[in-house]
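Heads up, the thing below is written out as structure tokens.
The values are calculated or read from the model by the stated rules, or taken from the named source; none is laboratory data. None of these values were measured; they are calculated from a predicted model. Heads up, the Cβs are rebuilt from the backbone with ideal geometry, glycines too, and the neighbour counts pull from every protein chain shown. Note: areas computed on protein heavy atoms with side chains; ligands, DNA, RNA excluded. Shrake-Rupley method; radii C 1.70, N 1.55, O 1.52, S 1.80 Å.
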Amino acid sequence: MMRLLRPILSLVLVLVTTLLVSCSSPTQAKIPTVYTPEKIAQLQPYREPIALARKNMATLKEFIDAENWVNIRTFIHGPLGGLRQEIASTSNKLLKKDQPVAENLGKELFKHFEIIDVAAKDRNASLVKEQYNEAIKDFDAYLNLIPTA
Ligand code: ZN
């Protein structure tokens, strides 16, 4: 009886091993396409300063509505100054598939800030307002790329 059972057992073992290998190795090698809870938790300290900067855009809006050109330009060079670095390091932490989208939105956002800066210097209220609205759209799209818990 044992003589017959042994080859069967080893065959079963081979089958099980093959099945485990074929099931586990492709997923291990694959680039993650979803955010794990651990990854989401890791991203929160990166998201915080960016979300705060988005909140502070209300202050910029007040300066724009008041046509306070000096304060508009000071705001763009001051409080928004550190944002470029924060966005760059956050984009690197996102899923591979989201990184080009994030990088592009970051570039767009700062292009709008640069135009606001020049338009404020020229006291061009309509261009400043238009570019502010464009900046908000890109800012929100960027924040939407960072998952929250
Ligand atoms: Zn844009």
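Only one residue in L80, L60 is at pLDDT 95 or above and open to solvent by less than 50 Å² (accessible area, probe 1.4 Å), so which one is that? Give the steps one after another, and end with the answer.
Values: L80 fails: at pLDDT 95 or above.
Testing whether each residue is at pLDDT 95 or above and open to solvent by less than 50 Å² (accessible area, probe 1.4 Å) leaves just L60.
Does L43 satisfy being in contact with a Ser or Thr (Cβ under 8 Å, 6 or more places away or on another chain) and open to solvent by less than 40 Å² (accessible area, probe 1.4 Å)? Taking the combined requirement at face value, the residue satisfies it.
Where in region 73-149 are there helices (runs of 4 or more DSSP H), lying wholly inside it, with at least 1 residues that are acidic (D, E) and within 15 Å of the ligand (Cβ to nearest atom)?
On the way: elements: 83-93, 99-121, 125-145.
By residue number, 99-121, 125-145.
Note on region 118-131: residues that are in contact with a Lys or Arg (Cβ under 8 Å, 6 or more places away or on another chain) and open to solvent by 20 Å² or more (accessible area, probe 1.4 Å) amount to 1.
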